[in-house]
1. Return P(r) of region 19-60 (all Cα-Cα pairs; 10 Å bins starting at 0; whole %; ordered from short to long distances).
2. Can you list the GluC sites (Glu not before Pro) in region 43-103 that are in a DSSP coil and have 15 or fewer other beta carbons within 10 angstrom?
3. Going toward the positive end of the dipole of region 19-165, with +1 on Lys and Arg Cβ and -1 on Asp and Glu Cβ, which of W106, A67, S33 do you reach last?
4. For region 11-161, what's the relative contact order in percent, using C-alpha pairs closer than 8 Å and at least 6 residues apart?
5. Would you mind listing how long region 25-96 runs along its three principal axes, going by Cα atoms, in whole Å with the largest first?
6. Rg and Dmax of region 92-211, using alpha carbons, in Å: what are they?
7. Between the DSSP loop rule and a limit of at most 13 other Cβ atoms within 10 Å, which trypsin sites (Lys or Arg not before Pro) in region 12-82 are left?
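Derivation of every value follows stated rules applied to the coordinates shown; laboratory data play no part. Predicted model, so just to flag it, every value in this text is computed and none were measured. Using ideal geometry, Cβ is built from the backbone for each residue, glycine included, and neighbour counts are taken over all protein chains shown.
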Amino acid sequence: MGGQRNASPAQRFEHKSAIDMARALHPLRRPLSAQPTTLTSDEKDMLAQCVAAVDTLQWAFWLAGKALENIRVGKLYRAECESFDEFVWKRWNMRKAQANKLIRTWRIAERVFELLSNEVAPIGADRKKPTPLSANAEKALKALNQAQVWELVPVADTWDVDAAVLVYRTVVEVDGASVTAKVLNGAVSALPEGDFDAERVAEYVRDYLESVEEQDDDEDVDVDSRAEKAVSYSWVRRLAKKDHAAATRYLDALQEQINKCRADLIPKQQPTVTDPPVELEGATATA
């Protein structure tokens, strides 16, 4: 890849803008090597650049909100426009409401990203005993988007960013809960009023999710799909590659929970008792 081949990783991927990143990403017209299952160093570099480029799409709202706040607070628009609103419209045809929405979400997005990314350990890294958060963090991180974060803004406005992150974390920790904007909206709507109490807020969120699950129980359940979602297969596979014994302990602990649920929640079928025949008063026996 020309002059970039001997550059350091920092030099390869240090771009001043998304436009620079797009220009630096060379289009491929054929595979770079004929290796069937492994990548060369050049291919690994190309993959890293491609992944970084796509990641910018997911996190663009976070970066944009942070940048817009700097422009507004620092009055960096003043050399071109009289107001921030005029500047964002002139530059990007962006309305005031959209700019404000991005600004109000970035702090929550940053904290949520830090929360989840700290739980998604890279392959080969030390891993503590699995927790409800770590078991679901990778899936939640991939699905995180601006719509989800926007539903947490009222919590930050009422209390603070820590409270908003607590609501999100509680949803992630609940097994089987889908972290979507709709679910977060319902969880936020169910929160109590008054002074912030972390335990009480978490309890209200869990109660809401339980009520949603009960409503779902009234509908046909895709049992196979539920079972697949209950276990993070990719996380267990990574753990097994790093520490086979730890993966075995995790699966054993999981099986214990399954056995407990089976014993506690699914009653054993009782043998059917046949009622004795009812004798009618005045009836006579026949030979």
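1. So the P(r) values, bin by bin, are 25, 50, 22, 3.
2. Values: sites: E43, E69, E80, E82, E86; in loops: E80, E82.
In loop regions of region 43-103 (DSSP not H, G, I, E or B), the sparsely surrounded GluC sites (Glu not before Pro) are E80, E82.
3. The Cα lying farthest towards the positive end belongs to S33.
4. Across region 11-161, relative contact order equals 20 percent.
5. That works out to 58, 20, 19 Å along the principal axes.
6. Cα radius of gyration and Dmax of region 92-211 are 14.9, 49 Å respectively.
7. Working: sites: R12, K16, R23, R29, K44, K66, R72, K75, R78; in loops: K16, R29, K75, R78.
Taking region 12-82 and a limit of 13 other Cβ atoms within 10 Å, the loop trypsin sites (Lys or Arg not before Pro) found are K16, R29, K75, R78.
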